[in-house]
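Peer 1: Got a structure here, written out as structure tokens. Questions coming.
The values are calculated or read from the model by the stated rules, or taken from the named source; none is laboratory data. Quantities reported herein were computed from a predicted structural model and do not represent experimental measurements. Virtual Cβ from ideal backbone geometry, glycine too; neighbours counted across all protein chains shown.
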Amino acid sequence: MGTPQSLQEQIEAAFDYRGDVTVTLAGGEQIVGFLFNRDLRPAREAPYVELFLPAGGRRKIEVARIESVALTGRDHAAKGAS
């Protein structure tokens, strides 16, 4: 499978991934965590993603603030992962 190109494809790949991801925001801030939820449909609120942070807690990020999402942690569901 090739590298996802659009931000929506990156978010969907991160949602399906079973490891931590790195979200890069406009301005360069990077947030590492497990992407467990996303809503990309414009509705009452702006589209967003939610992450579990390594130190505990959650963070909700509006998609409009995101530049990219990279699969950076070990995939715990990958063959041979323990």
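Peer 1: Please identify the pairs in which a residue from the stretch 50-79 that is under 14 Å from D20 (Cβ atoms) has its Cβ atom under 6 Å from the Cβ atom of a residue that is among the aliphatic types (A, V, I, L, M) and outside any strand (DSSP E or B), counting only partners at least 6 apart or on another chain.
Peer 2: Here the result reads R59/L53; V69/I11; V69/A14, each pair linking the stretch 50-79 to a residue that is among the aliphatic types (A, V, I, L, M) and outside any strand (DSSP E or B).
Peer 1: Select from the stretch 66-77 the residues that are outside any strand (DSSP E or B), out of contact with any Phe, Trp or Tyr (no Cβ under 9 Å at 6 or more places or on another chain) and within 19 Å of R38 (Cα to Cα) and list them in ascending order. Full working, then the answer.
Peer 2: To start, the set of residues in the stretch 66-77 that are outside any strand (DSSP E or B) comprises 72-77.
In the following step, the residues that additionally are out of contact with any Phe, Trp or Tyr (no Cβ under 9 Å at 6 or more places or on another chain) were identified as 72, 74, 76.
The one that is outside any strand (DSSP E or B), out of contact with any Phe, Trp or Tyr (no Cβ under 9 Å at 6 or more places or on another chain) and within 19 Å of R38 (Cα to Cα): T72.
Peer 1: Show me the strands (runs of 3 or more DSSP E) found entirely inside the stretch 1-61 where at least 3 residues are closer than 18 Å to H76 by Cα and not β-branched (V, I, T).
Peer 2: Numbers: elements: 21-25, 30-39, 48-52.
In the stretch 1-61, 30-39 are the strands (runs of 3 or more DSSP E) which contain 3 or more residues that are closer than 18 Å to H76 by Cα and not β-branched (V, I, T).
Peer 1: Would it be correct to say that R18 is loosely packed, with under 14 Cβ neighbours inside 10 Å, modelled with pLDDT of 95 or more and on the phi < 0 side of the Ramachandran plot?
Peer 2: Values: loosely packed, with under 14 Cβ neighbours inside 10 Å: yes; modelled with pLDDT of 95 or more: no; on the phi < 0 side of the Ramachandran plot: yes.
Answer is no for this residue.
Peer 1: May I ask you to list the residues in the stretch 24-37 that are over 12 Å from F52 (Cα atoms) and surrounded by 12 or more Cβ atoms within 10 Å (Cβ to Cβ)? Spell out how you get there, then give the answer.
Peer 2: To start, the set of residues in the stretch 24-37 that are over 12 Å from F52 (Cα atoms) comprises 24-30.
Across the stretch 24-37, the qualifying residues are T24, L25, Q30.
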